[in-house]
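The values are calculated or read from the model by the stated rules, or taken from the named source; none is laboratory data. Just so we're clear, the structure is a prediction, and the values are computed from it rather than from any experiment. Counting neighbours? That spans all protein chains shown, and the Cβs are built from the backbone with ideal geometry, glycine included. In case anyone asks, the SASA skips ligands and DNA or RNA and just uses the protein heavy atoms, side chains included. Shrake-Rupley method; radii C 1.70, N 1.55, O 1.52, S 1.80 Å.
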Amino acid sequence: MTTDVNAGAATPQQRHKSLETTLPVANFISYFAIAAVEFAVPFVAVATLGATSLVIAALGICRFAPQVLLARTAALIVERYDQRTVMLGSELLRVVAFLLSALALVVSPGWGLAIFALANIALACGSILTSVSTQVLVPAVFADKALPKVYARLGIAESSADGLAPFLTGLGLGALGVSPTFGVAAALAACACALLLRIPRIRVPADEPEEGEPQAASRTTLRRGLRYNLDTPPLRIITIWAVSYNLGQCIIEALLLIALLKQTPITAASYGVIRTCAVLFAVLGAYLAERLPTRLRSGLGTSIFGCGAVAAYAVTGIGAYLGGMTGLALVIAGFMLDEFCSGVALVRIQTLRARTIAQKDRAIATAAYRALNLTAVPVGFALGGLAGLFLTPASILLAVGLLMLLPALLILSRSVRTSAD
């Protein structure tokens, strides 16, 4: 496979310099707008439009299900068009989603909720396109040794946006109102579009069918993409680890607040402050990912920090089970440990995947990896909700937290520790 750059386009050095500054800034603006809307939509749907828990669940499905169902389509689009076009298209979908959300209060409550559903679908389509395109674009442009630095910057941008957006959105809803706040989000997404115009037109065409396959056969299938994610022991272990992490995290998230309100002296305000501050540790983790000792900037670091990220939920589960101020302190420690270790591990894992998966296979491998992990999200919430009907939330949190020590031990395996990422 080759990387096709149009005649007269920027030199590789110019592309490198442009993307090194453009991508993180555009990433921050885009994720800030997304996080703002993800915070505001459920709040407005319940407080203003009278949404029930079933409606909130449906909105959540609209946000995640298209990313699973359209994963293969996203990979085909990324392979067929240049990456500037794909990134711009995904950002324009967000502009449409935010403008739709701004109109939700103009119509009746029923239509307003339907508009929120459409906006979430548009956001989902934009998210899967951006995710696949970024994982194809970055390794195609940057030198191998620069990959960890680029992924670290992208991680810092995303985590910073996730931490700041809910707080500032809450202020915006109070000061500006609902529609103007969504309008600001649309304007931010439009600014991201302007930045993405500076991305070079890099085209990574789909590979030819393998020997023995009919000419019409497509390499872009989720089954093939899944195979690439299980191709080597490190990739196989990391995929199992990631799915286990998302599944366990969502089971815990479904019950955590209920358990904390029953078992600890936490309040709504303090819970919000704790979660926001915990996200700052993800920023710190991404920042330090390339500033750690040399031995930890390798497969050993992937193992240690990947282990810490899932083992943190054992600390959280024990804290929720114990209750009181001691339990609350353990829960806070678990939050911070998870976010910090996740920040480091994500940079290391993205680098490992970029160096291990061939360029010709990267789009469908990324799409399959994301689809697999996003499938674990609703499954986890459903399992948590059902388990809560029969067992106490605190006991479920303890059990799931301890079970998450299994993937923590798995990622400590020798094949991951010795991988040269």
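Mind grabbing the accessible area of S108 for me, 1.4 Å probe, Å², rounded to tens?
Accessible area, nearest 10 Å²: 60 Å².
At 0.36 nm per residue, minus the direct Cα-Cα distance, what do L168 and L391 gain on full extension? Give it in nm, one decimal, please.
Computed gain between L168 and L391 is 76.6 nm.
Checking the a/c ratio against 1.5 first, then a/b against b/c, what shape does the Cα gyration tensor give for the stretch 316-368?
Since a/c reaches 1.5 and a/b is larger than b/c, the shape of the stretch 316-368 is classed as prolate.
How would M325, M336 line up by accessible area, probe 1.4 Å, largest first?
Output order, biggest surface exposure first: M325, M336.
Going highest first, how would you order 62-73, 29-40, 273-284 by mean Cβ packing within 10 Å?
29-40, 62-73, 273-284
Report the extension gain between V107 and T326 in nm, rounded to one decimal, defined as 0.36 nm multiplied by the number of residues separating them, less their alpha carbon distance.
74.0 nm
Give the carbon-plus-sulfur fraction of the accessible surface of the chain in %, rounded to a whole number; probe 1.4 Å, heavy atoms of protein chains only.
Of all accessible area on the chain, carbon and sulfur atoms account for 69 percent.
How big is the stretch 61-186 on each of its three principal axes, counting only the C-alpha atoms and giving the largest first in Å?
The Cα atoms of the stretch 61-186 stretch 51, 30, 22 Å along their principal axes.
Could you sort K262, K145 by their accessible area in this structure, using a 1.4 Å probe and putting the largest first?
On the way: K262 145, K145 180 Å².
Result, largest first: K145, K262.
Enumerate the whole-percent occupancy of each 5 Å bin, from 0 to the last occupied one, for all C-alpha pair distances of the stretch 260-327.
In whole percents, the pair-distance histogram is 3, 14, 16, 21, 16, 12, 10, 6, 1.
From the phi of every residue in the stretch 325-341, what ³J(HN,Hα) in whole Hz does the Karplus formula 6.51 cos²θ - 1.76 cosθ + 1.60 yield, where θ is phi - 60° and glycine or proline is x?
Karplus values, whole Hz, x for Gly and Pro: 5, 5, x, 4, 4, 5, 4, 4, 4, x, 4, 5, 5, 4, 5, 5, 5.
Rounded, prolate or oblate: which fits the stretch 272-374, taking a ≥ b ≥ c as square roots of the Cα gyration tensor eigenvalues, rounded meaning a/c under 1.5, else prolate when a/b beats b/c?
The shape class here is prolate.
Kindly state, to the nearest 0.05, the FRET efficiency for K262 paired with L402, given R0 = 30 Å and r defined as their beta-carbon distance.
The calculated FRET efficiency here is 0.90.
Using a 1.4 angstrom probe, figure out how much accessible area the stretch 18-108 has per residue, in square angstrom, rounded to the nearest whole.
42
Going by a ≥ b ≥ c, the root eigenvalues of the Cα gyration tensor, does the stretch 122-166 fall in the rounded group (a/c under 1.5), the prolate group (a/b larger than b/c) or the oblate group?
oblate
Order I61, I258 by their accessible area, 1.4 angstrom probe, all chains in place, largest first.
Accessible-area ranking of I61, I258, largest first: I61, I258.
Over all directions, what mean area does the Cα convex hull of the chain project, stated in square nanometres?
So the mean shadow area of the Cα hull is 20.9 nm².
If you build a Gaussian network model of the chain, linking Cα atoms that sit under 10 Å apart, which residue out of I240, I411, I364 swings the most?
Top of the fluctuation ranking is I240.
Run the simple label-point estimate for Q359 and L409 please: 7 Å along Cα→C-beta, distance reported in nm.
With each label point 7 Å from Cα toward Cβ, the separation is 4.2 nm.
If R₀ is 35 angstrom, what is the calculated FRET efficiency for the pair V46 and V273, using the beta carbon separation as r and rounding to 0.05? Spell out each step's value before the answer.
Working: r = 21 Å, r/R0 = 0.61.
Result of the calculation: an efficiency of 0.95.
At 7 Å along the Cα-to-beta-carbon direction for both I240 and L54, put a label point, then send me their distance in nm to one decimal.
4.0
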